[in-house]
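In what follows, a structure is listed as C-alpha cells, so that the remarks can point back to it.
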Amino acid sequence: MSGTASETDLHAYVDGALDEAHRREVEAHLAANPVDAERVRAWQDQKARMRALFNPVLEETVPDRLRAVAAPRRRIPYALAAGALVAGIAIGWAAKTYLATDPKAVPTASLPKRAAVAHVVYSPEVRHPVEVGADQQEHLVNWLSKRVGQPLKAPILATVGFELVGGRLLPGDAGPVAQFMYQDARGQRLTLYVSRSTANRDTAFRFSQEDRVSVFYWVDGKLGYALSSELPKDRLLAVATAVYQQLNP
C-alpha cells in the first residue's frame, strides 16, 4: 500500500485480519485521514454493539447439520456481511421465540429487538445513514407508506431537539418496514421503526433495554412503533412521548 488504504483494507483492519506491517500502514493512513478514521471507528463501535446484543446466540453450539454449510470459503468484509448476519440472527431469534411462546404474541414481543438491531446497524453510518434524505421528506413518507401499506407520518421533533435525517426501507417478518432517523445538534441519533403488526391486542406503551439501546414501543391499529436510541432513558421518554402524541392524537 502506498499511502492509501482501500475499502477492503479498512474492513480487514476492523476485522483484525491484517498482518503487523499491513496494520501499521493502515493506522498511518487513518492518522492522516480523519474521514476514514471516523468510518472505521463507527464500524468498530457497530461491531461491538452487535456482539453485545447477540453474544448469547453467538455462543450457542452450532448444530452438526449446519457446520457443513456454514464454513466460509473466503473472508468477506464485516460491513458487507453485517446485513446478512443481522437477517440470519433475527430470523433465528424470531423462530426460537415462536417455538417457545404463543405465536400471537411474537410480533409485539420481538418489535423492540428488531428495532434495536436496525438502530445498531444504521445509526453509526457516516456517509449513508439513510436511503432518502430529509430534503425529500414528502417523497420519503409517500414511498414508505406505499411499501408498508399504511399511511405513515414522520413526526416533527424540533421541540425536543431533533431534526429528521431521512429514512429507509427494511425487511420485516410481516412485510416491509420503515425506519425514520433523527439527529440532535450534538450528532446523537435515534430511529423510529414502523412495521405492520399482526398482533394488535396489546397496545400499551412499553420500554425495553436491549443492551445499550433503549427502546420505547407500542402498537396502534395495524402498525407497531419502536423508538430506539442510546440516549438516557428519561430523555428518550420525552422524545417518545412527543412521537406518541403526534402519531396518536
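Taking strands (runs of 3 or more DSSP E) as the structural unit, no element lying wholly within region 154-225 holds at least 1 residues that are among the aliphatic types (A, V, I, L, M) and touching a Cys at 6+ places or on another chain (Cβ under 6 Å).
Going by the structure shown, is PRO151 under 20 Å from ASP220 (Cβ atoms) and open to solvent by 40 Å² or more (accessible area, probe 1.4 Å)? So PRO151 fits the description; yes.
The values are calculated or read from the model by the stated rules, or taken from the named source; none is laboratory data. Predicted, not measured: the structure shown is a model, and the values here were computed from it. Note that each Cβ is placed from the backbone with ideal geometry, even for glycine, and that neighbours are counted across all protein chains shown. Keep in mind that these areas ignore ligands, DNA and RNA; they rest on the heavy atoms of the full protein, side chains included. Shrake-Rupley method; radii C 1.70, N 1.55, O 1.52, S 1.80 Å.
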